[in-house]
Every structure is written in C-alpha cells, then in structure tokens.
Amino acid sequence: AVLEGADYRTALEEYHRAIGNVVVRPEAAAGHTCWLLVSNPVNADIVRRRGVWGNNKARPIGQMSPGDPVILYIRGEKRIAAWGLVGGAPYEDHNLIWPDGVYPYRIPVTFLGVPQVSVPMKPLVPRLRFIRPDVGTAWGTYLQTSQRTIPSEDFVVLRDAIDGARLPSSN
C-alpha cells in the first residue's frame, strides 16, 4: 500500500529528478550520445513500465552505451513522454513484450523523468537544433525512424520541458 501512495510516488519522482540533475547536466550529456526513442503510444507505455527499449535492427541498439541520455517520443501524438538514461549493455531477447513485434535487440533504460501528462513537441521545435528551422509544419519528418541521435543541447531542452511538466502548479 505504501508503494501505491501519492506521498511515495511524489518522493520517488523528486529522488529521480535529483539524480537526473546531478547525472545529466548539460556538460555531462555532451560527453554521451543522446538519443530520441520514437514509439507508438502502446509501445511507449510498455517501454516506460518495463524499462527496456527494443529495435528490429542490432546496429542502432549496439551504438547505445550505459549512461547515454534518452528522450521517449510518442509518434502520432507528437508528444514527449519521458527522459532517462541507458541503464546497461545491449542484449538479445526474442520474448514478445510489445504487441506489434518482438524487437529482439534490446537495451535497459532507467526513466528518471516521467510527467503525469506527456508534453507537446510542437512548441519546442523552434529550439531544437536537429530539426532545420525552415521545415515549417513538416518537422515530423525528422521523427520517421525508431531512434535517432540528437545534440546534447536538444536533449537538455526536451528534458527541461518534461521536468517543467512534472512540477506542481505554483497557484
């Protein structure tokens, strides 16, 4: 019952934010490859709950390293849903945990920032370096992949937006 209580969840969220602020400062993020993980809503929920990212291809997963910062983006909804860190080495597992595929090449992810409501991406697009400023409404074309690298500065923008959504209202 304690683990389900609001006080516990709030304390755990503050603990994760504190860890994230120490571990993933802008200068620390610059020392790692930052990743945008792109998923549909159902799979994104499974990724968050299970703490594992999967891909059909070994190469993208093999490029990820423990400590790499990640942002979870939900395609279709055009929202960011969490941020965290790669939590271990890549591995292969053929057990079905996602309803639309096996995604056998996997890597553990520890999510440190999960807002109660996912954050719209559109208002953040003008501040992101990996999206060219002249694309207008076609910015979603940059997200037509399962995962991609992003500059550390973009990771910080997205992480801060997620953390801002997690803060209680000051009203």
* To do: With θ set to phi - 60°, apply the Karplus curve 6.51 cos²θ - 1.76 cosθ + 1.60 along segment 73-89 and write out the HN-Hα couplings as whole Hz, x wherever there is a Gly or Pro.
  => 10, 9, 6, x, 7, 6, 9, 9, 10, 5, 9, x, 10, 4, x, x, 7
* When the chain is fully extended, how far beyond the present Cα-Cα distance does Thr10 get from Asp93, taking 0.36 nm per residue of separation? -> 26.6 nm
* Structure fact -> If R0 = 22 Å, then Val117 and Arg148, at their Cβ-Cβ distance, give a FRET efficiency to the nearest 0.05 of 0.35
* To do: Determine the order of Tyr105, Tyr73 by accessible area, beginning with the largest, at a probe radius of 1.4 Å.
  => Tyr105, Tyr73
* Got a sec? Which residues in segment 70-92 would a label at Thr141 touch, if it sits 7 Å along Cα→Cβ and we count backbone N under 19 Å? -> 75-76, 78
* Asked: So, with a 1.4 angstrom probe, what is the percent of accessible area on segment 23-171 that is carbon and sulfur?
  -> 51 percent
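The values are calculated or read from the model by the stated rules, or taken from the named source; none is laboratory data. Just so you know, these numbers come straight off a predicted model, no measurement behind them. So basically every Cβ, Gly included, is an ideal-geometry build from the backbone, and we count neighbours across all protein chains shown. Calculation scope for accessible area: heavy atoms of the full protein, side chains included, ligands and nucleic acids excluded. Shrake-Rupley method; radii C 1.70, N 1.55, O 1.52, S 1.80 Å.
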